[in-house]
Amino acid sequence: QLMREAAKTPGDPKILNSLGVLYARYGVVEKAAAQFNAALKRGEYAPSLLNLGNLRSLQGSLEEALRYYQRALVLQPDNPGVVLAVARTSHQLGNFGDAKRQYDRLASLDPALAGQYGYLAQRDQEAGRAAEAAYGGGVRWEE
């Protein structure tokens, strides 16, 4: 269905991003990245930036992931998913001050979501790894 929609409206970032999410959820990383990048050809699109960051994060390229997340944050500073991604990645990189600032922002935007990631307010990577494992540690795809 998404392929048909993409054919009807070529270059539509929302459809391309949704197709990329579908590929990403099934582990087809190259096709997912191609769709997210195609969505960005018309300009910055926060969901695709977030999702490219997710791909890089899953591949262990945390600095690159953070750059994508920060670009998305410029476009959507009040998007809880983007704020969470910046906070989690900052924490993983040991940038605890930034992680805490982003966590505090997340708590003001979506207290319930922030409650699942309380370790982000701490300066302890071991607690962070334990909490990530408890909550599945996966990325949150944005459609």
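The values are calculated or read from the model by the stated rules, or taken from the named source; none is laboratory data. No experiment lies behind these values; they were computed from the predicted model shown. Every residue, glycine as well, gets a Cβ built from its backbone with ideal geometry; the counts of neighbours run over all protein chains shown. These area figures cover heavy atoms from the full protein model, side chains too; ligands, DNA and RNA do not enter into them. Shrake-Rupley method; radii C 1.70, N 1.55, O 1.52, S 1.80 Å.
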Round to the nearest 10 and give me the degree value, 0 to 90, for the angle of helix 125-134's Cα axis relative to the longest principal axis of the chain. 60 degrees
Taking just the alpha carbons, could you work out the radius of gyration and Dmax for the chain, both in angstroms? 15.3, 49
Net charge within 13 Å of K14 by Cβ-Cβ distance, Lys/Arg positive one each and Asp/Glu negative one each, not counting K14 itself? -2
Carbon plus sulfur, as percent of the 1.4 Å-probe accessible area of the chain, comes to 50 percent
If you roll a 1.4 Å probe over the heavy atoms of the protein chains, what accessible area per residue do you get for the chain, in Å²? 52 Å²
Farthest toward positive dipole pole in the chain [+1 Lys/Arg, -1 Asp/Glu at C-beta], among V83, N37, L66: N37
In deg cm²/dmol and to the nearest 500, what is the mean residue ellipticity at 222 nm of the chain if only DSSP H runs of at least 4 residues count, each as -39500 (n - 2.57), divided by the residue total? -21000 deg cm²/dmol
At 1.4 Å probe size, with no ligands or nucleic acids counted, give the accessible surface of S18 in Å², nearest ten. 20 Å²
Length-normalised contact order of the chain in % [C-alpha pairs under 8 Å, at least 6 apart]: 18 percent
Taking the 0 to 90 degree range and rounding to the nearest ten, how far is the long axis of helix 13-25 tilted relative to the main principal axis of the chain, both from C-alpha atoms? 60 degrees
What does the charge dipole of the chain about its Cα centre add up to, to the nearest 20 debye, if the Cβ of each Lys and Arg holds +1 and the Cβ of each Asp and Glu holds -1? 300 debye
